[in-house]
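The values are calculated or read from the model by the stated rules, or taken from the named source; none is laboratory data. Being a predicted model, the structure only gives us computed values, none of them experimental. Don't worry about glycine lacking a Cβ; one is built from the backbone with ideal geometry, like all the others, and counts go over all protein chains shown.
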Amino acid sequence: MMDIHEILRRLPHRYPIILVDRVLEIEPPKRIHAIKNVSINEPVFMGHFPHYPVMPGVMIIEALAQAAAILSFVSLGKQADKDSVYYFAGIDSARFKRPVGPGDQLHLHVELLREMRGVGKFAARALVDGLVVAEAELLCAYRPIAPTAAAGSGVMNVAGSGGQG
């Protein structure tokens, strides 16, 4: 079990993009079960959609990627730091089955399929009330930041935000 304070030590994300509220189970390096409480107070609901608030699919995928990052950081015995990033490297077979809205609790289930040279492939599923709302295979890569890149353009984002959206 991991509370928000430990999650914030593991991930570099902060409000409004931190999308994991609690880790219920973690079995490094194999799997993680985390939760995201979806609240009407989240900024995205002001525009998506004001008359019928729906959590964007990309944010559900981002929450799954953040759970994968927590699993990887714990498995590696590392915490987020200024010298490395955990990039979102790819998404395969993403499917969105049901809308997610305020009041829902997303259960994030991520399982490591394989890892090689700092790149992990994960099977990821998000559930609400026991029903699958989204699933995908995620590729994530743990990399040190080159000294010139760290001071550079500001395009380096981590764990799901690697410039893809």
Q | Identity of the residue in segment 1-40, touching a residue at least 40 places away in the same chain (Cβ under 8 Å) and either in contact with a Cys (Cβ under 6 Å, 6 or more places away or on another chain) or among the basic types (Lys, Arg) (or both), that ends up nearest to VAL110 (Cα to Cα) | A | ARG31
Q. Within segment 130-149, is even one residue of a type in the set (S, T, N, Q) and at pLDDT 85 or above?
A. no
Q. Can you name every residue in segment 15-37 that is in a strand (DSSP E or B) and more than 13 Å from the chain's Cα centre (by Cα)?
A. LEU24, GLU25, ILE26, GLU27, ARG31, ASN37
Q) Taking segment 23-43, which residues are surrounded by 14 or more Cβ atoms within 10 Å (Cβ to Cβ) and over 15 Å from LEU127 (Cα atoms)? A) ILE26, PRO28, PRO29, ARG31, GLU42
Q) Looking at (1) touching a helix residue (DSSP H, G or I) at 6+ places or on another chain (Cβ under 8 Å); (2) touching a residue at least 60 places away in the same chain (Cβ under 8 Å); (3) buried (at least 23 other Cβ atoms within 10 Å of the Cβ); (4) within 20 Å of HIS13 (Cα to Cα), which is the only condition GLY120 fails? A) (2)
Q | The one condition in (1) assigned to a strand (DSSP E or B); (2) among the small types (Gly, Ala, Ser); (3) touching a Gly at 6+ places or on another chain (Cβ under 9 Å); (4) closer than 27 Å to GLU42 by Cβ that ALA141 fails to fulfil | A | (4)
**Q.** Output for segment 100-129, where each listed residue is over 16 Å from LEU64 (Cα atoms) and part of a loop (DSSP other than H, G, I, E, B)
**A.** GLY101, PRO102, GLY103, ARG117, GLY118, ASP129
Q: Considering (1) among the hydrophobic types (A, V, I, L, M, F, W, C); (2) in contact with a helix residue (DSSP H, G or I) (Cβ under 9 Å, 6 or more places away or on another chain); (3) at pLDDT 95 or above; (4) not in a helix (DSSP H, G or I), say which one ILE70 fails and leave the rest.
A: (4)
